[in-house]
Amino acid sequence: MAEQIRLIHTIHNSMVEQALRVGLRAVSAYDDLNLDMRRGVVYCWLRKEDDKTSQGGQRADFVYLEVTVEEERCIVADMEWSSLAMMYRQGQRRPKNMEASRLLAELYRVTAVPLSEYAEGTLFTPEVLVKGDIPPESIGVAESD
């Protein structure tokens, strides 16, 4: 049997009941940056502290879910590179520059590692890309700190 790992997923509080009922679908609203590795995944965190999208749990409209998945389905990548690539691609907070976006996306890709090879602290904002859907029986609401 494959090694199981517990991860954290951030979700808007209006979507919690649906996630617990039908699971998390590997369909993302985030830009895939033309990278296969960002397609068909659910974005998760190793720890709540890694989550920069909901301001580390400070936003009351977001909830943490605990998910259990097979470690072999997981890749760890530095969200900082993808965030910068998106900013240059969209021209938000940075001048629009498609070459910079492409290079940052490539840096994101080449520095990503399988979860089994990740050493804690080597990425500033480690996000875990879980390939495929996560079924409801693998999901629960994370305990509050």
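Here, each number is a calculation from the coordinates, and none is a lab measurement. Predicted model only: the values in this text are computed from it and were never measured. Ideal geometry is used to build each Cβ from the backbone, glycine not excepted, and the neighbour counts take in all protein chains shown.
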Top mean-square fluctuation among Ala60, Ala112, Ala85, Gaussian network model of the chain, C-alpha springs under 10 Å? Ala60
Rank Pro135, Pro114, Pro95 by mean-square fluctuation in a GNM of the chain with C-alpha springs under 10 angstrom and give only the top-ranked residue. Pro95
Output ³J(HN,Hα) for the range 64-77: one whole-Hz value per residue in order, computed from phi by the Karplus curve 6.51 cos²θ - 1.76 cosθ + 1.60 with θ = phi - 60°, and x for Gly and Pro. 9, 10, 9, 10, 10, 9, 6, 4, 5, 7, 10, 10, 10, 9
Would you please name the chymotrypsin sites (Phe, Trp or Tyr not before Pro) within the range 1-85 that are DSSP coil residues with at most 15 other C-beta atoms within 10 Å of their C-beta? Tyr30
Kindly write out, for the range 8-20 in residue order, the coupling ³J(HN,Hα) from the Karplus curve 6.51 cos²θ - 1.76 cosθ + 1.60 (θ = phi - 60°), rounded to whole Hz, with x marking Gly and Pro. 10, 10, 9, 9, 5, 4, 6, 10, 4, 4, 5, 4, 5
If exposed means no more than 16 neighbouring beta carbons inside 10 Å and the site is in a DSSP loop, what's the longest run of the chain without any exposed GluC sites (Glu not before Pro)? 4-119
DSSP loop (so not H, G, I, E, B), at most 16 other Cβ within 10 Å: list which trypsin sites (Lys or Arg not before Pro) in the range 1-34 pass both filters. Arg25
Nearest 10 degrees, 0 to 90: helix 98-111 Cα axis against the chain principal axis: 50
Viscosity 0.890 mPa s, 25 °C: Kirkwood-radius Stokes-Einstein D of the range 77-137 over Cα pairs, µm²/s: 192
Show me, for the range 124-138, the HN-Hα J-couplings you get by feeding each phi into the Karplus relation (A = 6.51, B = -1.76, C = 1.60, θ = phi - 60°), rounded to Hz, glycine and proline as x. 5, 10, x, 10, 9, 9, 9, 6, x, 6, 10, x, x, 5, 9
Scan around Thr125 for amide H atoms under 5 Å from its own, H built in the peptide plane at 1.01 Å from N, and keep only partners 5 or more places away or cross-chain. Met79, Glu80
If R₀ is 35 angstrom, what is the calculated FRET efficiency for the pair Arg6 and Gln90, using the beta carbon separation as r and rounding to 0.05? 0.60
Over the alpha carbons of the range 4-141, what is the largest minus smallest coordinate on each principal axis, giving the biggest first in Å? 42, 32, 25
